[in-house]
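The values are calculated or read from the model by the stated rules, or taken from the named source; none is laboratory data. All values reported here derive from a predicted model rather than from experimental measurement. Cβ atoms come from the backbone with ideal geometry, glycine included; neighbour counts cover every protein chain shown. Side chains are part of the model used for accessible areas, which takes the heavy atoms of the whole protein and leaves out ligands, DNA and RNA. Shrake-Rupley method; radii C 1.70, N 1.55, O 1.52, S 1.80 Å.
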Amino acid sequence: MCGIAGIVSLDSPIEKMNLYIEQMTNRLRHRGPDDAGFMLLDKLDSPTTAGNNDTTEESWTSSFAYSPKSNIRDLHKPSSIAIGHRRLSVIDDSAAGHQPMCNKEGNIWLVLNGEIYNHNELRKELKKLGGNFISRSDSEVLLQAYETWGIDCLKKLNGMWSFIIYDSRVKKMYGSRDRTGVKPLYFFKDKNFFCFASEVKAFFDLPFVGKKTNEFACFNYLFNGIVEKHGETLLENISEFPPSHYFSLDLNTGDLAFHKYFNIEVNTELGHYSRKQAEIYSSELKHLLIKAVDSHLNSDIPVGFCLSGGIDSSSIVCIAQQLKKEKSIENLGDRLTVFTAVNAQDGYCETKWAQSLVNKYNLEWHPVHCTSADMVRLLPQIIQATDSPLISTSTYAHYNVLQSAQQQGIHVLLEGVGADELFTGYSSFYTSLYLDYLKSSRFIDLARELASLNNSPYRIKDFLRSCSRNLIGQSSLRPESDFFTKQAWHTYSRKAYYSDECIAKSLPENLQDYFTNHYLKNLLRLGDKSSMQFSVETRVPFADDISLMQFAFSIPSVYKIYDGWSKRVLRDSMEGIIPDEIRWRTDKLGFSTPQDNWISEINSTLKKIILDSQSNCQLVDKDKILKSWDGIFHQNNSKLKEFIFRYTNYLVWEQTVNS
């Protein structure tokens, strides 16, 4: 796990390139505190490698072609290309894994952020083709994979990544992001420059980029709590690079092209439930999930786990415990180390479920206590870390857990993110399935499911409410609409991102949308930024293992929700692995927080943030909010309280950008 950044001058070499690239990587230092490296290039010269005060002594004294030769601050000559890397050493912490890395001819350069989980298998395949390796790093495997198969090497990768390759042989730069967007990548492009980085804040010191807000993106956040749905960030000139894509930049013409390299194949059948077929599906899923967790445990440093007590995180912890019994896994220590977010409010705390696993397997448990007062205290830090205002208070709970992991010396954490999107973990999936039964005139199946709702957190009233929303659409008369300025509402409300959610999707379509579009990507974005703030690498077997995701989407709908049980096939597959009291839980929390109560508890602090703000925001009618404040909290209007929380978050975000 690392931080990457780069600048390409598309016109002519520019001065201060060395300072710009160091400033970019300095803003990413938290992502890679273990090493730093740079490569600068003039169109007429050979590449120059460099380091700075954070570069390791071993890297300075090594003799690889990509080892640093100069201090970046001494390279004053104008340059056309500058690439920087910040390293968090997880696999092969030697100088052989230093980046930017080049091939032996020095004409292909790579910077990688992420992990290629099948790098050992690819290494063996490349060796058979004549490849020779000087390191154990997955970066070198990726470099040789590109050299051997070109950009088609993407089809062979299993993992999480964002990487950039400069190929001087064809005068092109390539970049790619993994299939679901676990690892971030942002870019800026105009007629003179192309720049990329792992985080938005890395662009802040570049005078040719600027920090002008994207008003429509900000409106959409305030109205819907959505950030980066279609690649736009909250800043006008900076865009998110899409998952499942690669780009090619022609350095002769400046042409930038995007190419999609992966589409998930989805089985759209409802299917007819068969006990025999269910056993086949659950057996194969068990095999694939064990294999995925095993590959995600590969690390040269200690590995820990997020444990909410739900089926997803419990599956990963219990599989790891089983693997530990079967073979020696040194990085797991004598006992598995797990972290749980806890709070004092019943109904929002899963401590008892997590503790049951802790007691059963004698786990080293670190419960992390979360409060509203602590959340509001940390709000500026969290917003600065994630480069965006918070959408919910659960981000704070996750942030706290990651900080605790750092304090315990754990810099790799496995999480259960992605299982909800693969196996129907949200209430909207029930609505989709029931509507699918109605459309197919399968009334007996629908009646069976409705009669089994006690096995779920879903109720008939939820179904009727969802149906009405699908029939009449998302009303533009939501109460928070009154608090936007007339100009902002007139300009942006019609194209806000609620319109496409009015359409009743089938269950396979809904799952695909959640998994490949905004929802999962948002969780992964927040998880990456929060974890890397503490130099912690989070790994998500459910979200990035190619075999697991392809198999999950091949399973017909009826095996995902059956007899009222969501995630039915996952529950069946974990028989004998996780305790039944967890396997058959009907509630769903997952590091949840009592958001509504917390907002009420901190309402005076939120009000002070608004009163003290010097923002020139033209989107929200600040005075109207303040006049309505007491009534909103007296009536306990949850929707308007959430809007106030988003607005105060937005103001804090605006301040962090401009500070």
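Given the options GLU236, GLU228, name the one that is closer than 30 Å to GLN655 by Cβ and more than 21 Å from the chain's Cα centre (by Cα).
Just one listed residue meets the conditions, GLU236.
Look at PHE163 and say whether it is part of a strand (DSSP E or B), within 19 Å of TYR20 (Cβ to Cβ) and open to solvent by less than 30 Å² (accessible area, probe 1.4 Å).
no
Taking TYR186, is it of a type in the set (Ser, Thr, Tyr) and surrounded by fewer than 24 Cβ atoms within 10 Å (Cβ to Cβ)?
no
In contact (Cβ under 8 Å) with a residue 40 or more places away in the chain, among the polar types (S, T, N, Q), in contact with a Phe, Trp or Tyr (Cβ under 9 Å, 6 or more places away or on another chain) and buried (at least 24 other Cβ atoms within 10 Å of the Cβ): does that describe ASN103?
It is false that ASN103 is in contact (Cβ under 8 Å) with a residue 40 or more places away in the chain, among the polar types (S, T, N, Q), in contact with a Phe, Trp or Tyr (Cβ under 9 Å, 6 or more places away or on another chain) and buried (at least 24 other Cβ atoms within 10 Å of the Cβ).
For the subset of region 503-555 comprising residues that are among the hydroxyl-bearing types (Ser, Thr, Tyr) and under 25 Å from SER427 (Cα atoms), which member is surrounded by the fewest Cβ atoms within 10 Å (Cβ to Cβ)?
The selected residue is SER554.
Is at least one residue of region 428-439 touching a Phe, Trp or Tyr at 6+ places or on another chain (Cβ under 9 Å) and in a loop (DSSP other than H, G, I, E, B)?
Taking every residue of region 428-439 in turn, none turns out to be touching a Phe, Trp or Tyr at 6+ places or on another chain (Cβ under 9 Å) and in a loop (DSSP other than H, G, I, E, B).
Would you be able to tell me the number of residues in region 389-414 that are over 14 Å from VAL338 (Cβ atoms), open to solvent by less than 50 Å² (accessible area, probe 1.4 Å), assigned to a helix (DSSP H, G or I) and not β-branched (Val, Ile, Thr)?
Qualifying residue count for the region: 6.
State whether one or more residues within region 335-347 are surrounded by fewer than 18 Cβ atoms within 10 Å (Cβ to Cβ), in contact (Cβ under 8 Å) with a residue 40 or more places away in the chain and not aromatic (Phe, Trp, Tyr).
Yes, the conditions are met somewhere in region 335-347.
Test THR386 against the stated conditions and say whether it is touching a residue at least 60 places away in the same chain (Cβ under 8 Å), open to solvent by 10 Å² or more (accessible area, probe 1.4 Å) and not basic (Lys, Arg).
Answer is no for this residue.
What about ILE644, is it without any contact (Cβ under 8 Å) to a residue 60 or more places away in the chain, within 28 Å of ALA373 (Cα to Cα), buried (at least 22 other Cβ atoms within 10 Å of the Cβ) and out of contact with any Gly (no Cβ under 7 Å at 6 or more places or on another chain)?
Considered against the rule, which asks whether it is without any contact (Cβ under 8 Å) to a residue 60 or more places away in the chain, within 28 Å of ALA373 (Cα to Cα), buried (at least 22 other Cβ atoms within 10 Å of the Cβ) and out of contact with any Gly (no Cβ under 7 Å at 6 or more places or on another chain), ILE644 comes out as yes.
Restricting the search to region 406-430, which residues are within 30 Å of ARG459 (Cβ to Cβ) and either over 14 Å from the mean Cα position of the chain (by Cα) or of a type in the set (Phe, Trp, Tyr) (or both)?
ASP420, LEU422, PHE423, THR424, GLY425, TYR426, SER427, SER428, PHE429, TYR430 - these are the residues of region 406-430 that are within 30 Å of ARG459 (Cβ to Cβ) and either over 14 Å from the mean Cα position of the chain (by Cα) or of a type in the set (Phe, Trp, Tyr) (or both).
Please state which one of ILE578, ILE609, ILE632, ILE561 is open to solvent by less than 30 Å² (accessible area, probe 1.4 Å), aliphatic (A, V, I, L, M) and more than 28 Å from the chain's Cα centre (by Cα).
ILE632
Looking at this structure, is SER452 more than 29 Å from ILE625 (Cβ to Cβ), modelled with pLDDT under 95 and buried (at least 16 other Cβ atoms within 10 Å of the Cβ)?
no
Could you please let me know if HIS398 is under 25 Å from ALA344 (Cβ atoms) and modelled with pLDDT of 95 or more?
Spelling it out, HIS398 is indeed under 25 Å from ALA344 (Cβ atoms) and modelled with pLDDT of 95 or more.
Go through region 609-659 and give me each residue that's among the basic types (Lys, Arg) and more than 22 Å from ASP387 (Cα to Cα).
Across region 609-659, the qualifying residues are LYS622, LYS624, LYS627, LYS639, LYS641.
If I ask for residues that are aliphatic (A, V, I, L, M) and within 26 Å of ASP294 (Cβ to Cβ), which ones from region 542-569 would you list?
ALA543, ILE546, LEU548, MET549, ALA552, ILE555, VAL569
Which of the residues spanning region 206-230 are within 21 Å of ALA82 (Cβ to Cβ) and open to solvent by 10 Å² or more (accessible area, probe 1.4 Å)?
Matches in region 206-230: PRO207, PHE208, GLY210, LYS211.
Among the candidates PRO556, PRO541, single out the residue that is farther than 30 Å from ALA217 by Cα and touching a Gly at 6+ places or on another chain (Cβ under 6 Å).
Going through PRO556, PRO541 in turn, the sole match is PRO556.
Out of everything in region 106-117 that is part of a loop (DSSP other than H, G, I, E, B) and in contact with an Asp or Glu (Cβ under 9 Å, 6 or more places away or on another chain), what residue ends up being modelled with the lowest pLDDT?
If we take residues in region 106-117 being part of a loop (DSSP other than H, G, I, E, B) and in contact with an Asp or Glu (Cβ under 9 Å, 6 or more places away or on another chain), then ASN107 is modelled with the lowest pLDDT.
Table: residues versus (1) small (Gly, Ala, Ser); (2) under 24 Å from PHE515 (Cα atoms); (3) in contact (Cβ under 8 Å) with a residue 12 or more places away in the chain.
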residue: ALA217; (1), (2), (3): yes, yes, yes
residue: GLY225; (1), (2), (3): yes, yes, yes
residue: GLU228; (1), (2), (3): no, yes, yes
residue: TYR261; (1), (2), (3): no, yes, yes
residue: LYS276; (1), (2), (3): no, no, no
residue: SER282; (1), (2), (3): yes, yes, yes
residue: VAL293; (1), (2), (3): no, yes, yes
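If I filter region 122-142 for residues that are crowded, with 22+ Cβ neighbours inside 10 Å and small (Gly, Ala, Ser), do I get at least one hit?
Yes, because at least one residue in region 122-142 is crowded, with 22+ Cβ neighbours inside 10 Å and small (Gly, Ala, Ser).
Picking from LEU154, LEU143, which residue would you name as being on the phi < 0 side of the Ramachandran plot and in contact (Cβ under 8 Å) with a residue 60 or more places away in the chain?
Among LEU154, LEU143, only LEU154 is on the phi < 0 side of the Ramachandran plot and in contact (Cβ under 8 Å) with a residue 60 or more places away in the chain.
I'd like the residue in region 15-43 that is of a type in the set (Asp, Glu) and under 18 Å from VAL111 (Cβ atoms) and, out of all such residues, is most open to solvent (accessible area, probe 1.4 Å).
Step by step, filter region 15-43, then rank; the result is ASP34.
Restricted to region 28-40, and to residues that are hydrophobic (A, V, I, L, M, F, W, C) and free of Cβ contacts under 8 Å to residues at least 60 places away in the same chain, which residue is nearest to ASN18 (Cα to Cα)?
LEU40
So, of the residues in region 353-383 that are assigned to a helix (DSSP H, G or I) and aromatic (Phe, Trp, Tyr), which turns out to be surrounded by the most Cβ atoms within 10 Å (Cβ to Cβ)?
It comes out as TRP353.
Picking from SER46, SER12, which residue would you name as being under 20 Å from ASN192 (Cα atoms), more than 33 Å from the chain's Cα centre (by Cα), open to solvent by 40 Å² or more (accessible area, probe 1.4 Å) and not charged (D, E, K, R)?
Residue meeting the stated conditions: SER12.
Any residue at all in region 194-204 that is open to solvent by less than 20 Å² (accessible area, probe 1.4 Å), closer than 22 Å to GLU115 by Cβ, touching a Leu at 6+ places or on another chain (Cβ under 7 Å) and not small (Gly, Ala, Ser)?
Yes - at least one qualifying residue is present in region 194-204.
ARG86 versus (1) touching a strand residue (DSSP E or B) at 6+ places or on another chain (Cβ under 9 Å); (2) open to solvent by 10 Å² or more (accessible area, probe 1.4 Å): which is the lone unmet condition?
(2)
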